[in-house]
1. Suppose we filter segment 38-61 for residues that are free of Cβ contacts under 8 Å to residues at least 40 places away in the same chain and under 17 Å from residue 6 (Cβ atoms); how many remain?
2. Name the single residue that is surrounded by the fewest Cβ atoms within 10 Å (Cβ to Cβ) among those in segment 6-37 being outside any helix (DSSP H, G or I) and in contact (Cβ under 8 Å) with a residue 12 or more places away in the chain.
3. Mind checking which pairs have a first residue in segment 83-98 that is more than 24 Å from residue 22 (Cα to Cα) and a second that is in a helix (DSSP H, G or I) and at pLDDT below 90, Cβ under 7 Å, 6 or more apart or different chains?
4. Take the residues in segment 53-66 that are closer than 18 Å to residue 10 by Cα and surrounded by 12 or more Cβ atoms within 10 Å (Cβ to Cβ); name whichever of them is modelled with the highest pLDDT.
5. What residue, of 78, 51, is in a helix (DSSP H, G or I) and touching a strand residue (DSSP E or B) at 6+ places or on another chain (Cβ under 6 Å)?
């Protein structure tokens, strides 16, 4: 249900970027808290690399946003990318394709 919140915020508030930003920050905190903050590194990587890739595509003329605030993208876009990363990871984990393995678990497995 929280994942639907991200899309709902974008649909309802894309013309009000600071409202959307505040709501998406709140959703991001809740999503990360619900997952025990285990995906925070992936969240941050996706929240950074996703918008960078979009900025490059926008500069190349592939698409544009109706109300960009920063380098052709909305200010709330990194949080959408971050929230989407959690959604897709959780979906993949539910389908059994990937598992979270800590660094300690990896090291332990290598020693065996």
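1. Residues meeting the conditions: 7.
2. Ranking the candidates gives 15 first.
3. 98/92
4. Taking segment 53-66 as the starting set, the residues that turn out to be closer than 18 Å to residue 10 by Cα are 54, 63-66.
Those left that are additionally surrounded by 12 or more Cβ atoms within 10 Å (Cβ to Cβ): 54, 65.
Numbers: 54: 98, 65: 95.
Once the filter is applied, the top-ranked residue is 54.
5. From the options 78, 51, the qualifying one is 51.
The values are calculated or read from the model by the stated rules, or taken from the named source; none is laboratory data. These numbers were taken from a predicted model, which means no experiment stands behind them. Cβ: placed from backbone, ideal geometry, glycine included. Neighbour counts: every protein chain shown.
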